[in-house]
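Novice: Here's a structure for you.
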Amino acid sequence: MVTTATTMVKAEPLATISVEGLSRQEARQRLLKFGANEPVAIRRATPLIQLLRFFMNPLVIVLLIASAISAGIGDWVNAAIIALMVGFSVALNFVQTARSERAVERLRKEIAPTATVLRDAKWQEILRREIVPGDVIRLAAGNLVPADARLLESRDLHVQQAGLTGESLPVAKDALAETAEARSPIEARNLIFLGTSVISGTAIALVTATGSQTLFGQIAERLAAKVPETEFERGAKHFGYLIARVVFLLVLFVFFVNTWLHRDALESLLFAIALAVGLTPEFLPMISTVTLGRGAMRMAQQKVIVKHLAAIQNFGSIDILCSDKTGTLTSGAMSLDRHLDCFGNPSERPFLLAYLNSLFETGIQNPLDAAIKHKANLNPLDEAILIHDHPDVRDYEKLDEIPFDFERRRLSIVVERDDSRLLITKGAPESVLALCKAYEVAGVRHPLDLATKQKTEAVYCQLSEQGFRVLAVAFKEIEARNQYSQADENHLVLAGFLTFADKPLDSASETLQMLATDGVKVKILTGDNELVARHVCSEVGLDTGRIVLGSDIDRMTETALGHVVEQTTVFARVSPMQKNRIILALKNRKHVVGFMGDGINDAPSLRVADVGISVATATDVAKDAAEIILLERGLLVLHQGIIEGRKAFGNVMKYLLMGTSSNFGNMFSMAAASMFLPFLPMLPTQILFNNFLYDLAQVTIPTDNVDQTFIHKPHRWDIRLIRNFMIYIGPISSLYDFLTFYVLLKIFQASEALFHTGWFVESLVTQTLVIFIIRTAGNPLQSKPSRALTMTTVLIVLVSMIIPFTPLGALLKFVPLPAVFFVFLILATGTYLLFVERIKRRLMRRLVG
């Protein structure tokens with residue numbers, strides 16, 4: 001029987017519980033009592049609150065105030081129209097955004113983190129958020145600690161606590177240590193905490209606090225740390241600043257001019273506000289969310305899960321992808337090829353020893369161990385396990401384990417049979433050979449002199465050159481002791497080597513070429529030796545003319561490394577810290593870097609990269625650090641995800657370019673016309689209705705097709721392009737507006753109502769149809785828009801021309817237009833679109849260059 005630690009910060013004392021863990025019923029009761037295991041409580045607003053938040057937009061508030069003022073002075077028509085426009089816009093925004101967010105939330109649940117917990121006396125995987133105080137959990141290398149807990153059992157446990165303490169090095173934890181010895185809970189050797197990760201070793205622990213009651217939860221609530229801003233969010237912010245400056249200056253100018261001309265103050269204010277609404281891309285959050293949400297759904301169909309929507313744009317912007325060769329260039333499915341003595345001759349001895357090592361090894365699953373077990377066609381749970389004529393391995397009993405770590409690059413276990421104890425070590429050949437003083441061939445041991453050592457090194461080098469992954473196996477008899485450590489890994493006897501085949505994927509070469517065509521360079525960062533790396537990379541067509549080793553990187557300055565990373569494709573024998581330096585060097589040279597990793601040692605690089613990419617089978621630490629999770633390994637899946645990311649960003653850019661070109665031109669025309677016309681160029685309610693119909697036409701942009709020329713290269717936010725569209729396309733729209741003014745006033749001798757109607761139709765038709773020009777950087781006749789975008793655009797154009805002939809038109813103070821006006825409208829719209837097409841080609845040249 002065990003009890004909880006009383007030193008846990010704010011941990012509620014628990015009743016004495018069984019080491020067999022909680023029952024499901026008790027766990028459910030505690031989940032209701034303590035809440036979900038989330039460090040910062042997720043407070044999901046009700047749909048009503050979410051809807052009300054859309055009304056918090058300053059322009060929406062001003063419009064509602066204007067509607068109230070209109071109602072107060074008896075102008076019920078204007079008041080109702082303004083209120084209806086605001087209500088429709090907010091409702092559309094709310095519904096579309098909510099649908100996308102729900103869809104993305106469903107995707108996130110597919111990759112929700114889990115933990116191994118003892119429930120009903122059985123070890124099982126449950127969602128991490130369902131862990132409760134009193135649960136018994138099991139941990140191994142690569143796991144994130146899911147809650148604050150007290151160790152019940154531990155073996156060579158080292159935990160990374162940098163997130164809580166800032167310590168860069170892992171700290172040792174021990175179930176036998178006393179909590180009272182520590183000055184604070186974080187220093188207690190028998191306590192582990194949420195927000196930390198297991199670097200090596202294994203443990204069983206009793207959960208003492210979850211969620212906001214954990215040490216990490218208290219810190220998170222106090223700091224309320226904001227997630228670092230992504231490049232997509234930075235671009236949106238800069239765009240917002242650009243629009244805000246233009247809106248403020250234009251609206252201020254219009255209001256003062258109309259006041260100076262002694263026009264009605266309320267109507268002048270409403271006119272200025274309506275201009276602000278027309279200039280503001282108020283649907284940008286919705287368009288972005290829906291576009292990125294649809295992108296996330298399409299990526300999920302390609303087996304790519306996005307944890308954060310903003311990461312999609314960064315994913316599409318990648319121009320350099322760094323990855324290990326295993327699982328990207330190769331299948332990642334290791335198969336044991338041969339077992340050899342130290343001279344390369346077939347031998348059963350290294351296989352038996354390696355099997356015992358793999359059979360009793362604990363911790364993170366290793367593809368090499370799986371290959372060894374598969375080759376033997378053995379199930380460790382079988383009652384009868386025989387390997388050829390060797391003794392039953394059930395006769396062996398595991399006594400201890402010296403876990404794997406990335407510095408030693410080896411693992412040892414101690415087994416006993418017939419009162420004889422044996423230490424068995426397997427790992428990287430150079431690591432194991434350095435510890436050997438003898439070798440064994442055909443059951444006979446010999447001293448390992450320099451000449452023999454060179455022969456054995458030549459054997460594994462030759463195997464590596466053939467593309468095999470090589471493990472060395474060694475052993476020694478060892479005296480009885482309660483516990484063993486790394487110090488016992490010496491004076492070993494070399495038994496031989498195991499070779500593993502992980503052949504390059506048939507599609508690897510083709511996929512690499514596709515990535516290169518689409519502007520993504522692949523760089524291989526592997527811990528394997530340069531011989532294996534050269535063989536595999538050369539088979540798939542990567543440049544192996546120069547391979548840079550981790551030891552070379554350590555001798556380089558940052559400046560020198562920056563030059564080297566540009567010129568080099570393959571890096572071998574690199575450590576986690578060296579991977580970090582490579583990625584940072586690439587980022588410093590203005591590259592958008594993606595990093596793909598799945599191991600414990602990959603977590604730092606996943607965080608440093610612009611986009612961290614992992615796989616569903618990766619360690620908890622790697623999946624937590626990544627922004628993109630691949631449900632299947634391989635470059636092909638990743639390439640498809642990059643393309644989907646570019647499509648999503650391309651559609652967001654269409655909306656932005658629309659909102660800053662013809663839309664800006666129309667608003668500028670209104671501001672200029674208000675200076676010389678004896679009446680307002682368009683009534684405030686008409687402007688709002690114009691803007692509402694225009695926004696409706698844009699709602700289907702997320703469904704649009706994206707040109708192949710656009711997705712064949714990475715893109716980033718280009719504020720200069722957006723500004724140029726405003727400066728060059730906007731005046732073209734204004735030019736045609738002024739032409740319309742002239743035709744209406746001089747040819748049609750238009751009254752105020754006819755002027756309003758004619759310009760309403762012309763401005764809406766031109767700024768809506770221009771989407772077919774701006775949506776593509778190439779020839780609009782050769783780029784097919786989506787059916788939904790075509791239908792909504794054409795529908796809005798037809799509605800704009802029909803409205804003046806309906807009762808709604810009369811309510812808005814429109815009058816029927818003469819038939820000859822539509823002849824002018826067709827000519828003006830056609831020449832306008834041709835003019836915009838010529839200018840657009842020049843502005844977008846860089847997008848397809």
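Novice: Pairs needed: first member in segment 633-652, among the acidic types (Asp, Glu); second member anywhere, crowded, with 24+ Cβ neighbours inside 10 Å and not in a helix (DSSP H, G or I); C-beta distance under 8 Å; at least 6 residues apart or different chains.
Specialist: What qualifies is 644/304.
Novice: Among 508, 501, which is the only one that is under 29 Å from the mean Cα position of the chain (by Cα) and modelled with pLDDT under 90?
Specialist: Answer to the check: 508.
Novice: If we keep just the residues of segment 657-706 that are hydrophobic (A, V, I, L, M, F, W, C) and not in a helix (DSSP H, G or I), which is farthest from residue 764 (Cα to Cα)?
Specialist: Let us first name the residues in segment 657-706 that are hydrophobic (A, V, I, L, M, F, W, C), namely 657-658, 664, 667-668, 670-673, 675-677, 679-680, 682-683, 687-689, 692-693, 696-697, 699, 701, 706.
From what's left, not in a helix (DSSP H, G or I): 677, 679-680, 682-683, 699, 706.
Numbers: 677: 20, 679: 20, 680: 17, 682: 12, 683: 15, 699: 15, 706: 24 Å.
For segment 657-706, the residue satisfying everything is 706.
Novice: Kindly evaluate residue 493 against the criterion of being buried (at least 24 other Cβ atoms within 10 Å of the Cβ) and in a strand (DSSP E or B).
Specialist: For residue 493, the condition - buried (at least 24 other Cβ atoms within 10 Å of the Cβ) and in a strand (DSSP E or B) - is not met.
Novice: Take residue 605 and tell me if it is assigned to a helix (DSSP H, G or I), in contact with a Gly (Cβ under 7 Å, 6 or more places away or on another chain), within 26 Å of residue 409 (Cβ to Cβ) and among the small types (Gly, Ala, Ser).
Specialist: Criteria met by residue 605.
Novice: Name the residues in segment 579-601 that are in contact (Cβ under 8 Å) with a residue 40 or more places away in the chain and assigned to a helix (DSSP H, G or I), would you?
Specialist: Those that are in contact (Cβ under 8 Å) with a residue 40 or more places away in the chain and assigned to a helix (DSSP H, G or I): 579, 582, 583, 586, 600, 601.
Novice: Kindly indicate the residue of segment 608-637 that is part of a loop (DSSP other than H, G, I, E, B) and of a type in the set (Asp, Glu) and also modelled with the lowest pLDDT among those meeting that condition.
Specialist: Result: 632.
Novice: Any idea how many residues of segment 744-777 are part of a helix (DSSP H, G or I), open to solvent by less than 10 Å² (accessible area, probe 1.4 Å) and among the aliphatic types (A, V, I, L, M)?
Specialist: The total comes to 6.
Novice: Test each condition in (1) open to solvent by less than 30 Å² (accessible area, probe 1.4 Å); (2) modelled with pLDDT of 95 or more for residue 741 and report the one that comes out false.
Specialist: Result: residue 741 fails condition (2) only.
Novice: Right, another one. Please find, within segment 778-820, the residue that is surrounded by the fewest Cβ atoms within 10 Å (Cβ to Cβ) out of those that are part of a loop (DSSP other than H, G, I, E, B) and basic (Lys, Arg).
Specialist: Top of the filtered list is 784.
For (1) β-branched (Val, Ile, Thr); (2) under 17 Å from residue 844 (Cβ atoms), each residue gets a yes or a no:
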site: 718; (1), (2): no, yes
site: 721; (1), (2): no, yes
site: 728; (1), (2): no, yes
site: 734; (1), (2): no, no
site: 743; (1), (2): yes, no
site: 751; (1), (2): no, no
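Novice: If a residue counts only when it is touching a residue at least 60 places away in the same chain (Cβ under 8 Å) and out of contact with any helix residue (DSSP H, G or I) (no Cβ under 8 Å at 6 or more places or on another chain), which helices (runs of 4 or more DSSP H) contained entirely in segment 500-555 have at least 2 such residues?
Specialist: 530-539
Novice: Take segment 682-701 and flag every residue that is in contact with a His (Cβ under 9 Å, 6 or more places away or on another chain) and either under 18 Å from residue 265 (Cβ atoms) or crowded, with 24+ Cβ neighbours inside 10 Å (or both).
Specialist: Within segment 682-701, 682, 683 qualify.
Novice: Oh, and also: Can you tell which of 480, 487 is aliphatic (A, V, I, L, M) and either touching a residue at least 24 places away in the same chain (Cβ under 8 Å) or assigned to a strand (DSSP E or B) (or both)?
Specialist: Of the residues listed, the single one that is aliphatic (A, V, I, L, M) and either touching a residue at least 24 places away in the same chain (Cβ under 8 Å) or assigned to a strand (DSSP E or B) (or both) is 480.
Novice: OK, next. Go through segment 821-842 residue by residue and tally those that are over 51 Å from the mean Cα position of the chain (by Cα) and either open to solvent by less than 30 Å² (accessible area, probe 1.4 Å) or closer than 30 Å to residue 724 by Cα (or both).
Specialist: 1
Novice: Moving on. Restricting to segment 580-596, and then to whatever is basic (Lys, Arg) and out of contact with any strand residue (DSSP E or B) (no Cβ under 8 Å at 6 or more places or on another chain), can you tell me which residue is surrounded by the most Cβ atoms within 10 Å (Cβ to Cβ)? Even if it seems obvious, please write down each step before you answer.
Specialist: Filtering segment 580-596 for residues basic (Lys, Arg) gives 581, 587, 589-590.
Of the ones still in play, those that are also out of contact with any strand residue (DSSP E or B) (no Cβ under 8 Å at 6 or more places or on another chain) are 581, 589-590.
Details: 581: 20, 589: 13, 590: 8.
Result: 581.
Novice: Still on this structure, I have one more. So, in segment 397-434, exactly how many residues are open to solvent by 30 Å² or more (accessible area, probe 1.4 Å) and in a loop (DSSP other than H, G, I, E, B)?
Specialist: 8
Novice: Next up: In this structure, is residue 561 in contact with a Ser or Thr (Cβ under 8 Å, 6 or more places away or on another chain), at pLDDT 85 or above, open to solvent by less than 40 Å² (accessible area, probe 1.4 Å) and not small (Gly, Ala, Ser)?
Specialist: When the stated conditions are applied, residue 561 does not pass them.
Novice: Here are 650, 634, 645: which of them is on the phi > 0 side of the Ramachandran plot and either of a type in the set (A, V, I, L, M, F, W, C) or under 20 Å from the mean Cα position of the chain (by Cα) (or both)?
Specialist: None of the other options fit; the residue is 634.
Novice: Give segment 438-477 a look and list any residue that's surrounded by fewer than 11 Cβ atoms within 10 Å (Cβ to Cβ), hydrophobic (A, V, I, L, M, F, W, C) and not in a strand (DSSP E or B), or say none.
Specialist: Result: 442, 450, 451.
Novice: For the subset of segment 660-677 comprising residues that are out of contact with any helix residue (DSSP H, G or I) (no Cβ under 6 Å at 6 or more places or on another chain) and open to solvent by 10 Å² or more (accessible area, probe 1.4 Å), which member is nearest to residue 724 (Cα to Cα)?
Specialist: 672
Novice: For segment 457-498, which residues satisfy the criterion of being closer than 18 Å to residue 324 by Cα and modelled with pLDDT of 90 or more?
Specialist: Once the filter is applied, which keeps residues that are closer than 18 Å to residue 324 by Cα and modelled with pLDDT of 90 or more, segment 457-498 yields only 470.
Novice: Next up: What do you reckon, is residue 372 in a helix (DSSP H, G or I), modelled with pLDDT of 65 or more, aliphatic (A, V, I, L, M) and open to solvent by less than 60 Å² (accessible area, probe 1.4 Å)?
Specialist: yes
Novice: Look at residue 607 and say whether it is surrounded by fewer than 24 Cβ atoms within 10 Å (Cβ to Cβ) and under 14 Å from the mean Cα position of the chain (by Cα).
Specialist: It is true that residue 607 is surrounded by fewer than 24 Cβ atoms within 10 Å (Cβ to Cβ) and under 14 Å from the mean Cα position of the chain (by Cα).
Novice: Pairs under 6 Å by beta carbon, first residue within 24 Å of residue 753 (Cα to Cα) and modelled with pLDDT of 85 or more in segment 684-701, partner open to solvent by 10 Å² or more (accessible area, probe 1.4 Å) and among the aliphatic types (A, V, I, L, M), six or more apart or different chains?
Specialist: Every condition considered, the pairs that remain are 693/796.
The values are calculated or read from the model by the stated rules, or taken from the named source; none is laboratory data. Note that the structure is predicted; figures quoted are calculated from it, not measured. So basically every Cβ, Gly included, is an ideal-geometry build from the backbone, and we count neighbours across all protein chains shown. Keep in mind that these areas ignore ligands, DNA and RNA; they rest on the heavy atoms of the full protein, side chains included. Shrake-Rupley method; radii C 1.70, N 1.55, O 1.52, S 1.80 Å.
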